[in-house]
Amino acid sequence: MDAKAKDRDRQRFKGIRRMILVRVLLLPFIIVTVVFGTVVYYFGTNLQSRVASELVRIAEGHRRLIEQFLEERVANLKFASVSYRLDELRSDGFLAVVLRNLQGNSRGFFDLGVFDEQGNHVAYVGSYDLEGKNYAHAEWFRAVEKKGVYISDVFLGYRKFPHFIIAVKREEKHSTWYVRATIDTQFFNDLVESVRVGKTGEAYIITQAGTFQTRRRSGGALMEADPDHRLYESDDSGIVSFVADDSTGCRYVNATGRLDPTGWLLVVRQEAREAYAPLYRVWVIGIVIILAGGGLVVLMAFVLASSQARQLVLSDREKRQLGNQLIMAGKFAELGEMSVGIAHEINNPLQVMKAEQTLMTDILNEIKTGEVVDKANIGMVLDSVSQIAIQIDRCKQITQGLLSFARKTDAVSKTIDLASFIPEVIRMVEQKAKLENVRISYESDPELPELSSDPSQLQQVMLNLLNNALYALKKKENGEIRISARREDDSVKICVADNGCGIDPKVVDKIFLPFFTTKPVGQGTGLGLSTIYGIVERLGGQILVNSEETVGSVFTVRLPLPVKG
């Protein structure tokens, strides 16, 4: 081979190798970059959502705990005020006994006092010399006169120490008097600060004007103004979650909510850098993996591209063979992905079509024997044809869903009118039930609410339960299936009950397991109940079974109602 040919082959070899490297590396690089960016984006979004949800859950629970504490202390004082007369509480040593009883129920009480209607402190037990002082012009006294119950903000008062009080009004026949208790500031602070969210999480309370009612671990004493209070969002109806920078420039994830009946604002927050630390770790790990893996891939691609280039230079036929093999391998992979799960996913539509085909066959046989054709039979045939067309479309949707590498699509949520939906499902198996001599009854609430769910999946659940019930009633006289639907709290309860053979108590806990069946070999795959169990869970519901041998079974499906607002 002359020098020009060698140079030409060398240039061709370099060109082919460059082309292979570009084609092998560019597309995967783009895909990896897009995938990594997408994963990080959705991971970050999901993490932020989970962090916010967890903080909201903690804040909601803590708010209920604090409100319960305050409500119980108010109830304790009300009970004390109605249990004793004013002259009893003013008698020597009696008020101390009452305080000990209150402290026995809760460590939150610090001291206790009784006031007449002129605001005179007529009886007191505690650590300060307050008896005899007049509070007629005190803000808390004027408030409890009007409201009957009052929880103050933290103030100094005569004792010159930050504290807050709870006061209740007591009206007798000829007099009005008041009971006031000071809440243990340290105990209340410990109660509020008991929230622990990582290392930087904290909880504290401020007034509507932004004054601290409890300490803040990151800086903020009682009765000081919170420099960040204007940043806080609030909603009287619930907990609000948001991210904001405080006055020092540190970013926090916050959850805030108003406390009844004080109007105080509970703040639960955590530093964003700690809350989102997993996201930062994913970034670092992902970049390291991409760099290390990318270097290895480039090296391997270079070696492989050189080898492939040599082969391409030597033989174009080998290249075509390799291309054909790759194409065939791709086709086999697609076929493999398309076949995933198709057997059990398409089983119920086939059962429906089989039932409708059986109905049509029976009607056509009647026509064939010369019986008079009535409109009802024609209507049933048309309904069957329509239902078969629906199920064919459903099968088409299932198979089309498998074309994207067996990736299952999300459930399509639609508004379902159960009052008409359930009877439509019953009609699909009605003829089969007649042939089996089984009576199907259905009852529901007159005003059954609409449900937001996936009609196709819910239909699959109902059909599977009905078919199982029909199987359990084979060769049984007076077989009956009872279907009911009613509202219970924030959910709809659907029951499918039969008086069939029931389920052996030894295996009732296993019936929702994949491939477990009580049917004879060849008559069941063990995938029906496990499939609908997964469907109900994906729809946010719950399925339960109650069965007794020789008596029958009851399958209960609970599905959540859509949240209003």
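Starting from the Cα-Cα distance between GLU145 and LEU25, subtract it from 0.36 nm times their residue separation and give me the gain in nm to one decimal.
Working it through step by step, the gained length comes to 35.2 nm.
Mind checking which lysines have their C-alpha under 17 Å from LYS160, skipping anything on the same chain fewer than 8 residues away?
Excluding near neighbours in sequence, the set is LYS133.
If you add up the charges near VAL168, with Lys and Arg at +1 and Asp and Glu at -1, over every other residue whose beta carbon is less than 12 angstrom from its beta carbon, what do you get?
After counting each charged neighbour, the total is +4.
Take the alpha carbon atoms of the range 32-92, find their center, do the same for the range 409-485, and report the distance between the two centers in whole angstrom.
Taking the Cα centre of the range 409-485 as reference, the centre of the range 32-92 is 43 Å away.
What is the distance, in nm, between label points placed 7 Å from the Cα along the Cα-to-Cβ direction at ASN120 and at ASP235?
With each label point 7 Å from Cα toward Cβ, the separation is 5.2 nm.
Which order do the peptides 77-90, 235-248 take when ranked by the mean count of other beta-carbon atoms within 10 Å per residue, highest first?
77-90, 235-248
Could you calculate the contour length gain from LYS199 to VAL545, that is, 0.36 nm times the residue separation minus the distance between their Cα atoms, to one decimal place in nm?
Separation in residues times 0.36 nm, less the Cα-Cα distance, equals 120.1 nm.
Per residue of the range 413-426, what does 6.51 cos²θ - 1.76 cosθ + 1.60 with θ = phi - 60° give for ³J(HN,Hα)? Whole Hz please, x for Gly and Pro, Karplus curve as stated.
7, 9, 7, 10, 8, 4, 4, 9, 5, 5, x, 5, 5, 4
For LYS199, list the aspartates and glutamates whose Cα falls under 16 Å from its own Cα; do not include residues on the same chain fewer than 8 positions away.
Leaving aside aspartates and glutamates fewer than 8 places away in the same chain, those within reach of LYS199 are GLU54, GLU271, GLU274.
Sort the following peptides by mean Cβ neighbour count (other Cβ atoms within 10 Å, averaged over residues), highest first: 509-519, 172-182.
Descending packing order for the listed peptides: 172-182, 509-519.
Quick one: length gained pulling LYS160 to LEU435 fully straight, 0.36 nm per residue minus the C-alpha distance?
Taking LYS160 through LEU435 to full extension adds about 90.1 nm, to one decimal.
Counting only C-alpha contacts under 8 Å and six or more residues apart, can you give the relative contact order of the range 69-179 as a whole percent?
Relative CO of the range 69-179 lands at 24 percent.
Rank these for me by crowding, ILE416, ILE151, ILE285, going from fewest to most other beta carbons within 10 Å.
ILE285, ILE416, ILE151
In whole angstrom, note down how far apart the Cα centers of the range 531-565 and the range 235-293 are.
37 Å
Just want the ordering: ARG486, ARG17, from fewest to most Cβ atoms lying within 10 Å of their own Cβ.
ARG486, ARG17
Which distance in nm do the two modelled labels at GLU72 and PHE43 give, with both placed 7 Å along the Cα-to-Cβ direction?
So the label points at GLU72 and PHE43 sit 4.3 nm apart.
Any of LYS354/LYS375; LYS414/LYS493; LYS146/LYS173; LYS354/LYS396; LYS475/LYS506; LYS434/LYS519 with alpha carbons more than 20 Å apart? Name them for me.
Beyond 20 Å between Cα atoms: LYS354/LYS375; LYS475/LYS506; LYS434/LYS519.
Can you give the relative contact order of the range 412-565 as a percent, counting alpha carbon pairs under 8 Å and 6+ residues apart?
So the answer I get is 23 percent.
With a sphere of radius 12 Å drawn around the Cβ of LYS564, what net charge do the other residues whose Cβ falls strictly inside it have (Lys, Arg +1; Asp, Glu -1)?
The answer is -2.
The numbers here are math on the coordinates, done by the rules we state, and not lab data. Quick caveat, the model's predicted, so the values are computed rather than measured. All Cβ positions, glycine included, derive from the backbone under ideal geometry; neighbour counts span all protein chains shown.
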